Amino acid sequence: MADARDEQFMRRALALAERGWGQTAPNPLVGAIVVRDGEIVGEGWHERYGEAHAEINALARAGSAARGATLYVTLEPCNHTGKTPPCSDAVIAAGLARVVIAARDPGADSGGGAEKLRAAGIDVETGLLEQEARELNAPFFHSFVSDRPWVTLKLALSIDGAIADSKRTRAWLTNEESRAEVHRIRANVDAIAVGATTYATDHPSLTVRGPIQPRVAPVRVVFDPDARLSAGRTSVLEETDAVTFVRVADLAASLRALRTRGIRSLLVEGGASLASALLDAELVDRLVIFQAPIVLGGGALAAFSSTSPRRAESVRRIPILRRQAFGDDLMTIYALHAV
């Protein structure tokens, strides 16, 4: 039965998993530690797609100390041969006595590792900090149950809820610390999107800039249902100048089209019309608000002015996952859907 020490070790494994940020997709972020007599004797994480999984790295560092020890891992050890051999086989060969798993692997081919370990006589426990583990890899888990990407809507707001002043002046609302966090978030998504008006007005680069450079750069997406920027083109997804223009007026269909291109996680960064349309269609999974201590006053462009009264009524109380200060800005992450 898991106890407080088990939770402490699993939180360490979750923290290790994040070190693979931006490097493992389409594989999930996974962390693992080997504990013997209450001491960590080996730890590892999935460092890069196609390379050794977290359990293998942790076991390699533990060496012979793994025999009779406990393995804490944030995702069930895989049970198939993909880019690497099955981790379940390596765990059995290492002679571990106990394995504690945060979340089960939903894959038809890769899942089933827990049963294999039990059959080998290993004590296996599952579900410790499961929600935290699922949240860390929300796009991965979502991809098994949905035909659209996991959608995160990010907005920068003034304290009076606006995204631009009355003159629609191009200016940063948030500070450098907040913007650095946005680039960190960008580094772990498959695509970054804006609406046609925002793209034409602000000319955003939609790229990742900062210390974390993703293994694969996110696809740059512009929602352009009226063909304002992609006139004359007929395809649903038109790639030009390294930008993918989405022309389907039906947002759900647009997202399904992006999913067929391999996009499992989408970060939407505005503008107001696109944000409201996605919220109205209930297509936003996570809402990330960066609020700056600035008042934009009368005539400012309110972030949610176009959101329908019906939808606004239904989301008045949204569960908060996390709040964090970045300098004098405040980031809040809201959960609109469960993982």
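Can you pull out the residues in the stretch 257-270 that are on the phi < 0 side of the Ramachandran plot and under 18 Å from the mean Cα position of the chain (by Cα)? Steps first, answer last, please.
Quick first cut of the stretch 257-270, residues on the phi < 0 side of the Ramachandran plot only: 257-261, 263-269.
Residues satisfying the conditions are 258, 259, 261, 263, 264, 265, 266, 267, 268, 269.
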- Scanning the stretch 38-64 for residues that are more than 27 Å from the chain's Cα centre (by Cα), of a type outside the set (A, V, I, L, M, F, W, C), in a helix (DSSP H, G or I) and at negative phi gives 61, 64
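Going by what's in this entry, would residue 77 be described as within 26 Å of residue 214 (Cβ to Cβ), in a loop (DSSP other than H, G, I, E, B), out of contact with any Asp or Glu (no Cβ under 6 Å at 6 or more places or on another chain) and in contact (Cβ under 8 Å) with a residue 40 or more places away in the chain? Talk me through it step by step, then tell me what you get.
Details: within 26 Å of residue 214 (Cβ to Cβ): yes; in a loop (DSSP other than H, G, I, E, B): yes; out of contact with any Asp or Glu (no Cβ under 6 Å at 6 or more places or on another chain): no; in contact (Cβ under 8 Å) with a residue 40 or more places away in the chain: yes.
So residue 77 does not fit the description; no.
Output yes when any residue across the stretch 81-92 is acidic (Asp, Glu), open to solvent by 10 Å² or more (accessible area, probe 1.4 Å) and under 28 Å from the mean Cα position of the chain (by Cα), and no when none is.
The first filter runs over the stretch 81-92 and keeps only residues acidic (Asp, Glu), leaving 89.
Adding the requirement that they be open to solvent by 10 Å² or more (accessible area, probe 1.4 Å) leaves 89.
Cutting the leftovers down to under 28 Å from the mean Cα position of the chain (by Cα) gives us none.
So far as the stretch 81-92 goes, no, none of its residues is acidic (Asp, Glu), open to solvent by 10 Å² or more (accessible area, probe 1.4 Å) and under 28 Å from the mean Cα position of the chain (by Cα).
Would you check which residues across the stretch 116-128 are touching a residue at least 12 places away in the same chain (Cβ under 8 Å) and open to solvent by 20 Å² or more (accessible area, probe 1.4 Å) and list them? Lay out the reasoning, then the answer.
Pass one, the stretch 116-128, residues touching a residue at least 12 places away in the same chain (Cβ under 8 Å): 116-117, 120, 122-128.
Once the filter is applied, which keeps residues that are touching a residue at least 12 places away in the same chain (Cβ under 8 Å) and open to solvent by 20 Å² or more (accessible area, probe 1.4 Å), the stretch 116-128 yields 116, 120, 123, 125, 126, 127, 128.
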- Message: If the requirement is being of a type in the set (A, V, I, L, M), assigned to a strand (DSSP E or B) and either at pLDDT below 95 or more than 17 Å from the chain's Cα centre (by Cα) (or both), which of these qualifies: 156, 171, 193, 108?
- Response: 156
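Take residue 274 and tell me if it is open to solvent by 10 Å² or more (accessible area, probe 1.4 Å), within 21 Å of the chain's Cα centre (by Cα), among the aliphatic types (A, V, I, L, M) and within 23 Å of residue 329 (Cβ to Cβ).
Numbers: open to solvent by 10 Å² or more (accessible area, probe 1.4 Å): yes; within 21 Å of the chain's Cα centre (by Cα): yes; among the aliphatic types (A, V, I, L, M): yes; within 23 Å of residue 329 (Cβ to Cβ): yes.
Taking the combined requirement at face value, the residue satisfies it.
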- Per-region count, the stretch 29-52, residues over 26 Å from residue 4 (Cα atoms) and of a type outside the set (D, E, K, R): 3
- Per the filter on the stretch 70-88, residues more than 27 Å from residue 145 (Cβ to Cβ), at pLDDT 95 or above and out of contact with any Leu (no Cβ under 6 Å at 6 or more places or on another chain) are 70
- Message: Can you say whether residue 100 is in contact with a Phe, Trp or Tyr (Cβ under 6 Å, 6 or more places away or on another chain) and not in a loop (DSSP other than H, G, I, E, B), as far as the supplied structure shows?
- Response: yes
- Message: Of everything in the stretch 16-46, what is over 16 Å from residue 185 (Cα atoms) and either open to solvent by 80 Å² or more (accessible area, probe 1.4 Å) or of a type in the set (A, V, I, L, M, F, W, C) (or both)? Give them in sequence order.
- Response: 16, 30, 32, 33, 34, 35, 36, 37, 39, 40, 41, 45
- Note on the structure: Filter the stretch 152-193 for residues that are within 13 Å of residue 221 (Cβ to Cβ) and touching a helix residue (DSSP H, G or I) at 6+ places or on another chain (Cβ under 7 Å); the one that is surrounded by the most Cβ atoms within 10 Å (Cβ to Cβ) is 192
- Task: Go through (1) modelled with pLDDT of 90 or more; (2) open to solvent by 10 Å² or more (accessible area, probe 1.4 Å) one by one and return the number of the condition residue 331 breaks.
- Result: (2)
- Message: If I filter the stretch 203-234 down to residues being polar (S, T, N, Q) and touching a strand residue (DSSP E or B) at 6+ places or on another chain (Cβ under 9 Å), which single residue comes out as modelled with the lowest pLDDT?
- Response: 230
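The values are calculated or read from the model by the stated rules, or taken from the named source; none is laboratory data. It should be emphasised that the depicted structure is a prediction, and the values quoted were computed from it without experimental measurement. No Cβ is skipped: glycine too gets one built from the backbone with ideal geometry, and neighbour counts run over all protein chains shown. Areas reflect the complete protein model, heavy atoms only, side chains present, ligands, DNA and RNA absent. Shrake-Rupley method; radii C 1.70, N 1.55, O 1.52, S 1.80 Å.
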